[in-house]
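J.: What follows is a structure written as structure tokens; I'll ask about it next.
None of the figures in this text is laboratory data; all of them are computed from the coordinates on show. Everything quoted here is computed from the prediction, not taken from an experiment. As a convention, Cβ positions derive from the backbone with ideal geometry for all residues, glycine included, and neighbour counts pool all protein chains shown.
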Amino acid sequence: MRGENPEVTILSSLQPKLLGPAFGEIPSDNSYRVSTSCEAFKTSKPAFIIPGNALLFAFPSTMYQQLQIANSQNNPKAVLGLLESLKSILNEECKTKKVDGILMDTSPFYAGGTHLAWCAADAIIIPVRVDEHSIASLELTLGLLSNPNRDFQTWNTRAGGRTTPRIAAIVMTMVGSKSQLRATPDRASRMYIERALAIAEKYSQLFDHQEPADAFVITDDFVSSGRISGARSIPISRLQIGSFHTVEGKRLQVNQSAARYQRELAYLASII
């Protein structure tokens, strides 16, 4: 749906769900079939998408205002209903479309939309680039998920005690992008991976695996394969080695490295 302006987005459902009928009715059909926009999905099991909305950046103030009102009335049930508003919308859509699972893509910043996504999720996948900022963000994220004095757990308590989603995977990205050896992480990448693992071990209780190291997935910089996949809406798993594609006026070829990328992504899918 790149470049389109869909009439129905996730905000179309969240506003009436949180704020009432004055903001309209929840659409009876929240999602779009992916194969209508992406040919690569025509031969696979039906998949659907609920588009995001740029106005979600202004959503946190509205959401927390409603939560504060419910909390001031000492109404844990109302707080729980607000926190799980996205979850109830997605569960209803799952029943209607008869799908097996949901994958949510959220902002990397903790705000109202991300908060609701955490409340709707059973498990979380955290991508971490091999750089200083991303390592710091990983520790901040795990702290937010676990610290009883931080926002997420505070509202869980006010809702009567909600469970915390588990960490299904930490995906280290761009590994080896500066390496001089093919398919070999450079020294800086190895250092960042070790630091990420040390942070994960501090929060081992959050993980779906007994050993946090088992949740780590190492992925390359996908280079031209990633550019082709994004520009042409072809999943990396469907790229044909040796094929040529024109992206932004440049002719790019899918090289043998794509086979390695496909194995890395297949491994990620296998552990979640």
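J.: Let me check against my output: what whole-number percent is the relative contact order of segment 1-105, with C-alpha pairs under 8 Å and at least 6 apart? Present the calculation step by step, with values, prior to reporting the outcome.
T.: Values: 83 pairs, mean separation 27.0, N = 105.
Worked out over segment 1-105, it gives 26 percent.
J.: If the reach is capped at under 26 angstrom between alpha carbons, list the lysines near Lys250, excluding any in the same chain fewer than eight residues apart.
T.: Lys178
J.: Related question: What are the semi-axes of the equivalent ellipsoid of segment 71-173, taken as the square roots of 5 times the eigenvalues of the Cα gyration tensor, listed largest first and rounded to whole Å? Show your work: numbers first, answer last.
T.: On the way: eigenvalues 120, 80, 19 Å².
Semi-axes (√(5λ), whole Å): 25, 20, 10.
J.: Oh, and also: Describe numerically, in nm with one decimal, the distance between label points set 7 Å from Cα along Cα→Cβ at Ala58 and at Glu25.
T.: Placing both labels 7 Å along Cα→Cβ, they lie 2.6 nm apart.
J.: Charges at C-beta only: +1 for Lys and Arg, -1 for Asp and Glu. How large is the resulting dipole of the chain about its Cα centre, in Debye rounded to 20? Before the final figure, lay out the partial values.
T.: Numbers: 28 positive and 25 negative charges, 96 e Å.
The calculation lands at about 460 debye.
J.: Additional query: Under the 0.36 nm per residue contour assumption, what length would be gained going from the current alpha-carbon distance of Gln68 and Gln205 to full extension? All intermediate terms of the calculation are to be shown ahead of the outcome.
T.: Numbers: separation 137, 0.36 × 137 = 49.32 nm, distance 2.95 nm.
That works out to 46.4 nm of additional length.
J.: So if we plug the beta-carbon distance of Gln256 and His133 into 1/(1 + (r/R0)^6) with R0 = 35 Å, what FRET efficiency do we get, rounded to 0.05? Walk me through the numbers before you get to the answer.
T.: On the way: r = 32 Å, r/R0 = 0.91.
Calculated value: 0.65.
J.: For a distance above 32 Å, tell me the whole-number percent of Cα pairs in the chain that qualify.
T.: Value for the chain: 33 percent of Cα pairs lie more than 32 Å apart.
J.: Using alpha-carbon positions, what is the distance between the centroids of segment 211-261 and segment 111-127, in Å?
T.: Segment 211-261 and segment 111-127 have Cα centres separated by 26 Å.
J.: Quick check on the chain: of the DSSP beta bridges with both residues there, what percent are antiparallel, nearest 5%?
T.: On the way: 6 of 18 bridges.
Of those bridges, close to 35 percent are antiparallel.
J.: Next up: At a threshold of 8 angstrom on Cα-Cα distance, excluding pairs fewer than six apart, so keeping six or more, what relative contact order does the chain reach in percent?
T.: Working: 344 pairs, mean separation 36.3, N = 272.
Reported as a whole number, the value is 13 percent.
J.: Report the per residue volume, in Å³, of the convex hull enclosing the C-alpha atoms of segment 1-118.
T.: Values: hull volume 14.1 nm³, N = 118.
So the per-residue hull volume is 120 Å³.
J.: Figure the gain on full extension for Ala188 and Glu39 (residue separation times 0.36 nm, minus the Cα-Cα span) and round it to one decimal in nm.
T.: 49.7 nm
J.: On to the next question. Quick one: if the Förster radius is 45 Å, what FRET efficiency do Asp122 and Thr246 give, using the C-beta to C-beta distance and rounding to 0.05? Walk me through the numbers on the way to the answer.
T.: Details: r = 41 Å, r/R0 = 0.90.
After rounding, the FRET efficiency stands at 0.65.
J.: Identify all lysines with a Cα-Cα distance to Lys95 below 19 Å; exclude those on the same chain that are fewer than 8 residues away in sequence.
T.: The qualifying lysines are Lys17, Lys45, Lys87.
J.: Between Ser270 and Ser88, what FRET efficiency follows from the Cβ-Cβ distance if R0 is 45 Å, with the result rounded to 0.05? Mind dumping the intermediate values first?
T.: Working: r = 30 Å, r/R0 = 0.66.
Result of the calculation: an efficiency of 0.90.
J.: Taking neighbour Cβ counts within 10 Å as the exposure measure, how do Ser37, Ser85, Ser270 sort from fewest upward?
T.: Details: Ser37 14, Ser85 21, Ser270 8.
Ascending number of Cβ neighbours within 10 Å: Ser270, Ser37, Ser85.
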